[in-house]
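First the structure, in the form of structure tokens, and then the observations on it.
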Amino acid sequence: MQSLLYEVAYALYFILPAYFANGFPVIFGGGRPIDGGRTLSDGKPLFGPHKTVRGFLAGLITGTFVGFVLYAVFQYDLLLGFMLSLGALTGDLLHSFIKRRIGIPAGSPLPVADQLDFVLGALLFSLFVPNSQPPLYLLPVPPPSFSTTAIIVVVVTPPIHLLTNLIAYLFGVKKTPW
């Protein structure tokens, strides 16, 4: 049991910059859409009006800053914090692109994919960082394997994502509870 708790705590520590990168566009987004309102030949928007330049930059800066704080406290890898943040935002953009292609309007839910798009992008981008398993120096225990960390992140993220979206909705930060 103690090992499982450590592995879950480590997985959350590992993915934390991506969580912040994904959440902050909701708070600081708005403004000009990344796609500039352009549509493809199918007449559908590239990403939609909810994916904005300001939101993307806010997410990237915030996630990278979280990585910097983790570096200052735990010697977390700075490049990893940046890549997790960039991957999270890119995964979310790809997800929006796919939703537009299959006819799902901006802001409409696509269960499971809505909860995992950003972590899958983050995990993929983290693979470009050598030794992307930062140690957690508070404990003399080596980090779990990347595959264990990735599985835990994929399992724990949907309920965390749903709960944080519900809280943001209840506080009026989001217009929808998903």
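Computed from the coordinates by the stated procedures, all read-outs in this text should not be read as laboratory data. Worth saying up front: this structure is predicted, and the values here are computed from it rather than measured. Using ideal geometry, Cβ is built from the backbone for each residue, glycine included, and neighbour counts are taken over all protein chains shown.
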Can you pull the Kirkwood radius for segment 112-178, inverse mean 1/r over Cα pairs, to one decimal in Å?
-> 13.8
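So what's the convex hull volume per residue for the Cα atoms of the chain, in Å³?
Expressed per residue, the convex hull around the Cα atoms of the chain is 117 Å³.
Would you kindly state how much longer the chain becomes between I61 and L5 on full extension, computed as 0.36 nm times their sequence separation minus their alpha carbon distance, in nm to one decimal?
Taking 0.36 nm per residue and subtracting the Cα distance, the gain is 17.2 nm.
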Net charge dipole size for the chain [Lys, Arg +1 and Asp, Glu -1 on Cβ; Debye, nearest 20] | 640
Please work out how much length the chain gains when fully extended from I167 to Q75, using 0.36 nm per residue of separation minus the C-alpha to C-alpha distance, in nm with one decimal.
-> 30.0 nm
Net length gained if the chain between R32 and V156 were fully extended (0.36 nm per residue, minus Cα distance) = 41.4 nm
Sum of -39500 (n - 2.57) over DSSP H runs of 4+, divided by residues of the chain (222 nm, nearest 500) | -22000 deg cm²/dmol
Projected area averaged over orientations for segment 2-61, convex hull of C-alpha atoms, nm² = 5.5
So how tilted is helix 146-170 from the main axis of the chain? Cα-based, degrees 0 to 90, rounded to 10.
-> 50
Here, S41 and V141, labelled 7 Å along Cα→Cβ, have an inter-label distance in nm of 5.5
